[in-house]
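Let me begin by presenting the structure, written as structure tokens, before commenting on it.
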Amino acid sequence: MKINSNFLNLKDSYLFSTVGRKTAEYKEAHPDKKVIRLSIGDVTRPLAPAVIEAMHRAVDDMSRKETFKGYGPDRYCYGYEVLIDSVKRSYARKGVSLESSEVFISDGAKSDLGNILDLFAQENTVLVPDPVYPVYVDTNIMAGRKILFADATAENGFLPMPDFKVDADLIYLCSPNNPTGAAYTREQLAEWVRYAREKNAVLLYDAAYEYFITDPALARSVYQIEGAKECAIEFCSYSKTAGFTGVRCGYTVVPHALVREGTPLNKLWARRQSTKFNGVSYITQMGAAAVFTEEGEKQIAENLGYYRENAKIIADCLDELGIFYTGGKNSPYIWMKCPYNMDSWTFFDFLLEKANVVGTPGSGFGKNGEGFFRLTAFGTREDTAEACSRLKTVLKK
Ligand code: MLT
């Protein structure tokens, strides 16, 4: 018996587990301190009333033999049509038309971003922006793939563009980006689509934060770009859009037009999901289906507005302190330069000890993240304001 020794090439622990452990250790040693977490992008607003009502109705359905549900419908890999229809309506509002069988309901973007790799041969070369959400890198290390990095730096606005001299087969893009908050315009994304088509590559497009976009010049979906259906898979989530981090629901779009080596990837993904996945609970799916209704959209807009205001509070604080940052406008993340040339983990320790505020060290997202630090706007208003006032106190000294 041999283990998958690729796991030995991973860092000892997942970035957010390390941050969590360090925070817990500090709290245990200082039980009197109120530690404010602006680290992992976990939401704090309760679910929208329309979602709660739909979930209550779904619970009632489960209580009666006439309306009880077991496994979901296998026609759409256990996704209920009412939910798939609402996803299609949300895409239609972005000018994108989808077929029901192109939408796969999942338990969130993170799992699908990892699981999708089942579809691709090990010898494929992967291109990942640096810095980026660590899941893309870690899942490919586990699979033993060769990983190339596209530098995202202050010079290119943290938005690397394709280099046609580099050959890659699988390309990850996350826009609005986690962790930098930078977001691609439609023109920039069109270049990536051109690259993927020319290289016969596949774009793995993480759109988990698209609901934070307010600037109409920015792309909300890769499929807003002509030709993307032939080269891109898109991953979406209700986590940040509708506060589902603890509920778990997302959707992945695999267009029928995406064909490689004569095989539609949609067919492979359907085969993979029906074999390894039994779907998302009926109650969760009914809650999710309420998100993109007229009422649900109004209610989630309020929550998104609340987080946007938090982002503005953090941005104003950094402006006052004269600290460079990006993001916070079309994104819930603020990507700040560590003051006094501190490296990312030194600043993490400094902030935890002096201000009792927890953020995420930029170096955890890649080598170009060194010297940067990520704060999230997903905290409560009180915590965000208090964290900013502490930041001003310790950094003005
Ligand atoms: C983050 O903080 O980067 C996200 O919450 C991670 C995730 O969504 O899995």
Checklist outcome for this item: Considering the range 154-175, residues that are part of a loop (DSSP other than H, G, I, E, B) and within 16 Å of the ligand (Cβ to nearest atom), and then whichever is farthest from the chain's Cα centre (by Cα), we arrive at PHE158
Checklist entry - Can you pull out the residues in the range 236-272 that are in a strand (DSSP E or B) and free of Cβ contacts under 8 Å to residues at least 24 places away in the same chain? => result THR263, PRO264
Checklist entry - Taking interchain pairs and intrachain pairs at least six residues apart, which have beta carbon atoms under 7 angstrom, with the first residue in the range 111-129 and in contact (Cβ under 8 Å) with a residue 24 or more places away in the chain and the second of a type in the set (Asp, Glu) and in a loop (DSSP other than H, G, I, E, B)? => result ASN124/ASP169; THR125/ASP167; THR125/ASP169
Checklist entry - Any chance the range 238-253 includes a residue that's away from the ligand (no atom under 16 Å from the Cβ) and either touching a Lys or Arg at 6+ places or on another chain (Cβ under 7 Å) or modelled with pLDDT of 95 or more (or both)? => result yes
Item to check | Selection within the range 54-86 - β-branched (Val, Ile, Thr) and under 20 Å from ALA242 (Cβ atoms) | outcome: VAL59, VAL82, ILE84
Next on the checklist: Among the listed residues ARG64, ARG21, identify the single one that is farther than 28 Å from SER175 by Cβ, within 23 Å of the chain's Cα centre (by Cα) and modelled with pLDDT of 95 or more.
Outcome noted: ARG21
Checklist outcome for this item: Wholly inside the range 1-118, helices (runs of 4 or more DSSP H) that include 2 or more residues that are within 16 Å of the ligand (Cβ to nearest atom) are 15-29, 109-115
Checklist entry - Is there a residue being basic (Lys, Arg) and either part of a helix (DSSP H, G or I) or crowded, with 23+ Cβ neighbours inside 10 Å (or both) anywhere in the range 343-356? => result yes
Checklist entry - Within the range 322-357, how many residues are over 20 Å from PRO176 (Cβ atoms) and within 16 Å of the ligand (Cβ to nearest atom)? => result 3
Checklist entry - Looking at PRO129, is it assigned to a loop (DSSP other than H, G, I, E, B) and modelled with pLDDT of 95 or more? => result no
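Filtering the range 285-339 down to residues that are closer than 30 Å to HIS56 by Cα and aliphatic (A, V, I, L, M), which residue is nearest to the chain's Cα centre (by Cα)?
Only one residue fits best here, namely LEU304.
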Checklist entry - In the range 77-100, which residues are farther than 16 Å from ALA288 by Cα and crowded, with 16+ Cβ neighbours inside 10 Å? => result CYS77, VAL96, LEU98
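From the residues in the range 176-215 that are part of a loop (DSSP other than H, G, I, E, B) and over 27 Å from GLY41 (Cβ atoms), which one is farthest from the ligand (Cβ to nearest atom)?
Among those residues, the one meeting the criterion is ASN200.
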Checklist entry - Which members of the range 317-335 meet the condition of being exposed (fewer than 15 other Cβ atoms within 10 Å of the Cβ) and in contact (Cβ under 8 Å) with a residue 40 or more places away in the chain? => result GLU320, PHE324
Checklist outcome for this item: Of the residues in the range 358-368, those that are within 12 Å of the ligand (Cβ to nearest atom) and farther than 10 Å from PHE347 by Cβ come to VAL358, THR360, GLY364, PHE365
Next on the checklist: Looking at ALA385, ALA311, ALA288, ALA315 in this structure, which one is assigned to a helix (DSSP H, G or I), within 16 Å of the ligand (Cβ to nearest atom) and either of a type in the set (A, V, I, L, M) or at pLDDT below 95 (or both)?
Outcome noted: ALA311
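The values are calculated or read from the model by the stated rules, or taken from the named source; none is laboratory data. Everything numeric here is computed off the predicted structure, so don't read it as measured data. Ideal geometry is used to build each Cβ from the backbone, glycine not excepted, and the neighbour counts take in all protein chains shown.
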